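Undergrad: My structure is below; once you've seen it, I'll send some questions.
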Amino acid sequence: MERAAQNKTAFDPLKLREDFPILRRKVHGKPLVYLDNAATTQKPNAVIDALRNYYETHNANIHRGVHTLSYESTLLYEEAHEKVARFIGAPDWRSVVFTRNATESINLVAYAWAFGNLKKDDEVLITLMEHHSNIVPWQMLRDRIGIRLNYVRVGRGGELDLEGLQGLITERTKLVSVVHASNVLGTINPVKRITDAAHKAGALVLVDAAQSVPHLPVDVTDIGCDFLAASGHKMMGPTGTGFLYGKAELLESMEPFLYGGDMIEKVTMERSTWNELPWKFEAGTPDIGGAIALGAAVDYLTALGPENAAAYEGELLDHALDRLSGHEWIKIYGHGGGERLGVISFNVEGVHPHDVAGVLDEEGIAVRSGHHCAQPLMAALGMDYAVRMSFYVYNTKEEIDLAVEAIKKAKRLFG
Amino acid sequence: MEPDQYEYILDHYKNPRNYGKIEGADASYEEGIPSCGDVVRIDVKLNDRVIEDLKYSGTGCAISQASVSILTESVMGKSVGEILSMKDEDMLSALGKPISPVRFKCALLGVKVLKKALLAKSAA
Ligand SMILES: Cc1ncc(COP(=O)(O)O)c(C=O)c1O
């Protein structure tokens, strides 16, 4: 993300906005300003059209029957895997498993890998910066099979304590599961370094890339991680789509996650054998239309260029930090320097975050308020609740200015 | 939305009525909205199934806290039956300002807690 080297946006954000029909709507009579992109992103026409086109022209179940529609659906569905694989630098599309979302991807690793491979007193190392989806499955394993769960600390500036992380990796550590980019602070963690450190100790690495894949160039081969989880709906794809990347030999060695149709090779009354990758992990009829539309989202992001997206969102972030930082009554969390995504969590002194978000909503501005599914992190930073703005490529500096004006209004009204 | 429309809510938010706790209350209940951190507790003193005294405590956004303050002023002397038959609209229309549906949950937390307190009492 060479932001400094890039002094001109490689695309025209105003032109690009035309691809997103929802951005034309009004909320409470005001043009929608959508700044809740860390929760889910809006969808371009290309994605909506792909969904529509699938149902209008190809709809049939996959991997079954020889009729033409089924054949076409199967090809398109497989092609979506290939697109995602290419987008994240996976050497083999068969190592990309489609899921419903990042949460399901992480659960897949917890159930299909960790359950069978970890035993009492083995350690899983996560960080205080995790989304609940990368905390709760490991707590479940701790309670069921007695693994230990350790947390890497986070500094006030929003940085992972990397020295502490080194110290916490021991010969008992079997998995390091770490968020690539924080959905609360925007911190981008050095996952390649973390992977190297974990591998030296013989531990596997799961990267929660729910926030990074949509906004930054991400290459699983370069990172070297064993697993990577992400959500399609946070990268312009439909809701109900997500994926897990896993090293092929690992996925081969694992037991399935869910059992039933499509994931089998052969079933007799006594036993079954498993289908090849990735189908072994995709039991039952998947969200075929959603997957194909996710493929269209990946095409859109590829054409845009992840570097260009990151550079532009970096400009938006700098602009927002500049506009917010002049006010001593706005407290911004964890922007202590270093690389950040376009995500800002903050509080307005004397005003409950809900009221801030409420006033913004009246102005047509969508932001999130609450604990952002990261309660341990929020507690560590001394903010139980906060307002969060998160940007994407279709946002503009003017929209950020509108949000800042609305924040001032909230302060005037409630402060 | 004009600023002055918030006046009534802000008045109750900043100068809460009937704030506190009742020692030896006949009915008490506390509930929160975990996703946003609003919490309301209500203590009620009853006299022959009529509300004789009521106090609330809690933390949270202006809408949730002002709504319960406004509620406490209107329910003194009312019967349990009257409270239990209160409709959501009764509460929403008492706020002096149209509330966006996204905030209904906050605005209705107080009535919900009061009803639960009274129901728990009736069940006991
Ligand atoms: C960092 C991170 N991980 C995981 C998730 C879970 O994503 P999903 O709800 O799509 O499963 C999120 C979503 O908020 C996230 O921000």
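Undergrad: I need the full set of residues from region A:355-365 which are facing another protein chain (nearest Cβ under 8 Å) and open to solvent by 30 Å² or more (accessible area, probe 1.4 Å), in order please.
TA: Within region A:355-365, just A:D361 meets the criteria.
Undergrad: Looking at region A:366-410, which of its residues are in a helix (DSSP H, G or I), crowded, with 17+ Cβ neighbours inside 10 Å, within 14 Å of chain B (Cβ to nearest Cβ) and at pLDDT below 95?
TA: Passing the criteria: only A:M378.
Undergrad: Counting only residues that are open to solvent by less than 30 Å² (accessible area, probe 1.4 Å) and more than 16 Å from the ligand (Cβ to nearest atom), how many does region A:135-154 have?
TA: Summing the residues that are open to solvent by less than 30 Å² (accessible area, probe 1.4 Å) and more than 16 Å from the ligand (Cβ to nearest atom) in region A:135-154 gives 4.
Undergrad: Could you check region B:16-72 and list, in sequence order, the residues that are charged (D, E, K, R) and out of contact with any strand residue (DSSP E or B) (no Cβ under 7 Å at 6 or more places or on another chain)?
TA: Once the filter is applied, which keeps residues that are charged (D, E, K, R) and out of contact with any strand residue (DSSP E or B) (no Cβ under 7 Å at 6 or more places or on another chain), region B:16-72 yields B:R17, B:E23, B:D48.
Undergrad: Does A:G89 fit the bill of being open to solvent by less than 70 Å² (accessible area, probe 1.4 Å) and at pLDDT below 95?
TA: It is false that A:G89 is open to solvent by less than 70 Å² (accessible area, probe 1.4 Å) and at pLDDT below 95.
Undergrad: Here is a follow-up. Return the total of residues in region B:37-57 being over 18 Å from B:L118 (Cα atoms) and buried (at least 21 other Cβ atoms within 10 Å of the Cβ).
TA: 1
Undergrad: Could you say whether any residue in region B:59-69 is touching a helix residue (DSSP H, G or I) at 6+ places or on another chain (Cβ under 8 Å), modelled with pLDDT of 95 or more, away from chain A (no Cβ under 14 Å) and more than 23 Å from B:K97 (Cβ to Cβ)?
TA: There is no residue in region B:59-69 that is touching a helix residue (DSSP H, G or I) at 6+ places or on another chain (Cβ under 8 Å), modelled with pLDDT of 95 or more, away from chain A (no Cβ under 14 Å) and more than 23 Å from B:K97 (Cβ to Cβ).
Undergrad: Give me the pairs, please: first residue somewhere in region A:223-243 and without any contact (Cβ under 8 Å) to a residue 12 or more places away in the chain, second residue anywhere and within 13 Å of the ligand (Cβ to nearest atom) and basic (K, R), beta-carbon distance under 7 Å, and either six or more positions apart or on two chains.
TA: If the second residue must be within 13 Å of the ligand (Cβ to nearest atom) and basic (K, R), no pairs are left.
Undergrad: Could you go through region A:195-202 and let me know if any residue there is among the small types (G, A, S), over 13 Å from A:E123 (Cα atoms), open to solvent by less than 30 Å² (accessible area, probe 1.4 Å) and over 22 Å from the mean Cα position of the chain (by Cα).
TA: Scanning region A:195-202, I find at least one residue that is among the small types (G, A, S), over 13 Å from A:E123 (Cα atoms), open to solvent by less than 30 Å² (accessible area, probe 1.4 Å) and over 22 Å from the mean Cα position of the chain (by Cα), so the answer is yes.
Undergrad: What residue, among those in region A:227-249 that are away from the ligand (no atom under 16 Å from the Cβ) and open to solvent by 10 Å² or more (accessible area, probe 1.4 Å), is nearest to the other protein chains (Cβ to nearest Cβ)?
TA: Only one residue fits best here, namely A:K247.
Undergrad: Here are A:A112, A:A102: which of them is within 22 Å of the chain's Cα centre (by Cα), more than 16 Å from the ligand (Cβ to nearest atom) and open to solvent by less than 20 Å² (accessible area, probe 1.4 Å)?
TA: A:A112
Undergrad: For residues that are surrounded by 14 or more Cβ atoms within 10 Å (Cβ to Cβ) and not in a loop (DSSP other than H, G, I, E, B), tally how many sit in region A:250-269.
TA: The number of residues fulfilling the criteria is 4.
Undergrad: Please list, ordered by residue number, the helices (runs of 4 or more DSSP H) wholly in region A:154-229 having 3 or more residues that are not aliphatic (A, V, I, L, M).
TA: It comes to A:162-168, A:191-200.
The values are calculated or read from the model by the stated rules, or taken from the named source; none is laboratory data. Everything numeric here is computed off the predicted structure, so don't read it as measured data. Every residue, glycine as well, gets a Cβ built from its backbone with ideal geometry; the counts of neighbours run over all protein chains shown. Note: areas computed on protein heavy atoms with side chains; ligands, DNA, RNA excluded. Shrake-Rupley method; radii C 1.70, N 1.55, O 1.52, S 1.80 Å.
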